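To keep things clear, I will list the structure first and then write my remarks on it.
Read-outs: derived from the displayed coordinates by stated rules, not from any lab. Here the structure is a predicted model, which is why all the values come from computation and not from measurement. Here the Cβ positions follow ideal geometry from the backbone for every residue, glycine too, while neighbour counts run over all protein chains shown.
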Amino acid sequence: MLREFERLYKEDQYHTRKWAKHYTKKEYLKINKRLQEKVNKFIKGSKLKNSRDYFIAAMIFQHGFNIPSSKKSLRYAGLAVQRGYKKGKWLIASATDRLLQLQGKPQKFGTQVVNMKAKRPKLYKLNPKTTDKERKEYGLPTLKELKKYYGIK
């Protein structure tokens, strides 16, 4: 049987996949807020036990789409990687980009897209100084591959 924290992660992923077609942004953020409250209880109770728990916390905060939750996402993604969850490096990049986007600054890695529901999504403004080598260090594909993945020319 899955631990409760793993269930929170599965619930987060389920709602994130359904969001575009089944929820308004307001409805989705209400669901995410509830999940964040549960994560915060785990944190306050010192119940994050391993690197994956820190990754799960980071992922749920990442989906809050506001500056405080993005800062928490970045913090917990970093802790996950420090504790050995190497697959979490891409989440550090994504959380960094989301935080920069929310602050109105160009993203660094190219993980954030605007107009996801549109036929032609666009890459959020990007700092052109970031190299594909840097992206690879965080487990990301090249910028060209990211654009292809999102269907951006």
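Extension gain for the segment Tyr14 to Lys153, taken as residue separation times 0.36 nm less the Cα-Cα distance, is 47.2 nm to one decimal.
With each label modelled as a point 7 angstrom along the Cα→C-beta vector, the Thr131-Lys26 pair spans 4.8 nm.
Computed FRET efficiency, Cβ-Cβ of Lys144 and Lys47, R0 30 Å: what is it to the nearest 0.05? Before the final figure, lay out each step's value.
Values: r = 42 Å, r/R0 = 1.39.
My answer for the efficiency is 0.10.
At full extension, Asn115 and Lys87 could sit 7.4 nm farther apart than now, given 0.36 nm per residue minus the alpha carbon distance. Ordered by the number of other Cβ atoms lying within 10 Å of each residue's own Cβ, fewest first, Ser51, Ser46, Ser70 fall into the sequence Ser46, Ser51, Ser70. Please list, ordered by chain and number, the residues whose modelled amide H lies under 5 Å from the amide H of Gly64; skip anything fewer than 5 residues away on the same chain. For Gly64, whose amide H was placed from the backbone, there are no distant partners under 5 Å. The P(r) of the chain has a tail past 25 Å containing 29 percent of all C-alpha pairs. Amide H contacts of Leu126: Gln107, each under 5 Å away and 5 or more positions distant or on a separate chain (H built 1.01 Å from N in the peptide plane; Pro and chain starts excluded).
Put in order of Cβ neighbour count within 10 Å, fewest first, the listed residues His22, His15, His63 become His22, His15, His63. Helix-only mean residue ellipticity at 222 nm, the chain, DSSP H runs n ≥ 4 weighted -39,500 (n - 2.57), per residue, nearest 500. What is it? Calculated at 222 nm, the ellipticity per residue is -20000 deg cm²/dmol.
Using C-alpha pairs under 8 Å with a sequence gap of at least 6, the mean separation divided by the residue count of the chain gives a relative contact order of 14 percent.
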